[in-house]
Amino acid sequence: MLIAMKDNQLINAAELKKVQISKYDLTCPCCHELVIFKHGQYRIPHFSHKTNAICSSFSENESQAHLEGKLAFKHGLEAMGQVAVLEYNLREIQQRADVYLPNQNLILEYQCSPISFAEMSRRTTNYKQLGIDVLWILGDRHLTAAKRLDGLAKFARFEAKLGFYIIYYSAKNQQFRIDFQIREIAGKLTSSVRLFETLSELQRFVGQPSRQISNCSNQRAKVLLLNQLKRIQRSIIMKNTTYLDMVTACYQQGKVFVGCPIVCHGKSGEGLPIFRRSALCWRVWIVLQLFSGESGEVSNQQLNQLFKQSVQLFGQQFAQVDDYVRFFQMEFTSFIFSLRANGYLRHTISGVQILKQPIWFASYDQKRQYIMTAKPVVC
């Protein structure tokens, strides 16, 4: 381990490299047993429990980056006048928090190593059962988390003024970063990014009023949509399994997946990244279900059942977001209103009435030509 206690103060092993110190002055911050300071020409300075000591809550193999991050959080918080407790032990749930802010009842966890969704969810739930909120801050190895659905599922939080967001701290660069307004546009995850030298700068930014999401120009919308179609077409030609089930579902109804109606691409970006796959697949599935029946009426009960089924098939659960199903409901309602605005259906007291079928394109080339000459808005 890389930290120990001396005279009730936390100290870094690296800081003692040139200091003569008695081994009896050092204790473990978790179990309070004596530890030994070790270093040498080929050995990283560190502390070690005595051979007969047992400490299940403390890691002997903590990385230097992890230690530096925790110390940076503690020093940054104290500079802001906040109380910060390092290595706070919660015996009720057998967990040890990296940094605890008692005045805010908040825990900061610095995640440098890999971690599973199940473990993230378990630890977060345990903290919340004690009435403690937790903010996970990611290390250098997780810098691409905001670009991956699995990373978002584990680490993303949500606030109305930030949208989905993830916070990082680079121990290597001693710099904070926030990826915010994370959303899916034309099949790709995108976000806004800001860098900060101190924790106080990051806190001020987070506390600012809501930020407007800029709209795309028609030309930019075309480029995004054409690039999405190109990726889909290439995937189909290469017989990639990414869209295989949707290609099959469309084929069974005599349609071409890549030729799906323009409304399926969205009129203001796919927005919330709540789908296990592209939001396009979800919208195409909804259209196939709504417009394939013989009846011209879809009841509210059928709409509700359709919504629940779409959540099961396409929904993405989040470890850090409570009541995430509300995002599915928002997107589902928004898409139904888009179909109504395009004249494909209208609302009735009992549900919706189908007015006409959405227009499908016969081929990739036909749809590409339409996009190049029309003005679809997708972001």
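The values are calculated or read from the model by the stated rules, or taken from the named source; none is laboratory data. Keep in mind that this is a model prediction, so the values were computed, not measured. All Cβ positions, glycine included, derive from the backbone under ideal geometry; neighbour counts span all protein chains shown. Ligands, DNA and RNA are excluded from the accessible area calculation, which covers all protein heavy atoms including side chains. Shrake-Rupley method; radii C 1.70, N 1.55, O 1.52, S 1.80 Å.
Would you rank GLU92, GLU197 by solvent-accessible area, highest first, keeping every protein chain in place and using a 1.4 Å probe? Please list the in-between numbers first.
Details: GLU92 135, GLU197 110 Å².
Result, largest first: GLU92, GLU197.
Can you tell me how the stretch 143-225 classifies by the Cα gyration tensor, rounded, prolate or oblate, using a/c under 1.5 as the rounded cut?
Values: a/c = 1.99, a/b = 1.53, b/c = 1.30.
It comes out prolate by the Cα gyration axes.
What does the extension gain come out to for SER113 and LEU244, with contour length at 0.36 nm per residue minus their alpha carbon separation?
Working: separation 131, 0.36 × 131 = 47.16 nm, distance 3.40 nm.
Once the chain is fully extended between SER113 and LEU244, it gains 43.8 nm.
Keeping the other protein chains in place, figure out the carbon and sulfur percent of the accessible area of the stretch 121-180, with a 1.4 Å probe. Don't skip to the end; give the middle numbers.
On the way: 1070 of 2320 Å².
Carbon-and-sulfur percentage of accessible area, whole number: 46.
Using the heavy atoms of the protein chains alone and a 1.4 angstrom probe, what is the accessible area of the stretch 188-345 per residue in square angstrom? Write down the numbers at each step before the final one.
Numbers: 8360 Å² over 158 residues.
Value for the stretch 188-345: 53 Å² per residue.
With charges only on Cβ, +1 for K and R and -1 for D and E, what is the dipole size of the stretch 117-158 about its Cα centre, in debye, rounded to 20? Before the final figure, lay out the partial values.
Values: 8 positive and 4 negative charges, 15 e Å.
Here the size comes out at about 80 debye.
Let me cross-check GLU78: its accessible surface, 1.4 Å probe, with only protein heavy atoms counted, in Å² to the nearest 10?
90
Rounded to the nearest 10 Å², what accessible area does VAL223 show when all protein chains are kept and the probe is 1.4 Å?
It works out to around 50 Å².
Using the Kirkwood formula on the Cα atoms of the stretch 261-340, what hydrodynamic radius do you get, in angstrom to one decimal? Mind dumping the intermediate values first?
Working: mean 1/r = 0.0760 Å⁻¹.
Kirkwood radius, the stretch 261-340: 13.2 Å.
Carbon and sulfur atoms: what percent of the 1.4 Å accessible area of the stretch 297-349 do they account for?
Carbon-and-sulfur percentage of accessible area, whole number: 48.
Which entries in the list LYS74/LYS172; LYS74/LYS161; LYS230/LYS308; LYS255/LYS356; LYS70/LYS147; LYS128/LYS172 go over 28 Å, if you measure between the two C-alpha atoms of each? If you can, show how the numbers build up before the last one.
Values: LYS74/LYS172 17 Å; LYS74/LYS161 26 Å; LYS230/LYS308 31 Å; LYS255/LYS356 16 Å; LYS70/LYS147 25 Å; LYS128/LYS172 31 Å.
Table pairs above 28 Å Cα-Cα are LYS230/LYS308; LYS128/LYS172.
By the gyration tensor of its Cα atoms, with a ≥ b ≥ c the square roots of the eigenvalues, what is the shape of the stretch 68-145: rounded for a/c under 1.5, prolate for a/b over b/c, or oblate? Walk me through the numbers on the way to the answer.
Details: a/c = 2.03, a/b = 1.10, b/c = 1.84.
Oblate shape, in that a/c is at least 1.5 and b/c is the bigger or equal ratio.
What whole-number value in cubic angstrom gives the convex hull volume per residue for the C-alpha atoms of the stretch 180-326? Each step should come with its number before you reach the end.
Numbers: hull volume 24.7 nm³, N = 147.
It is 168 Å³ per residue.
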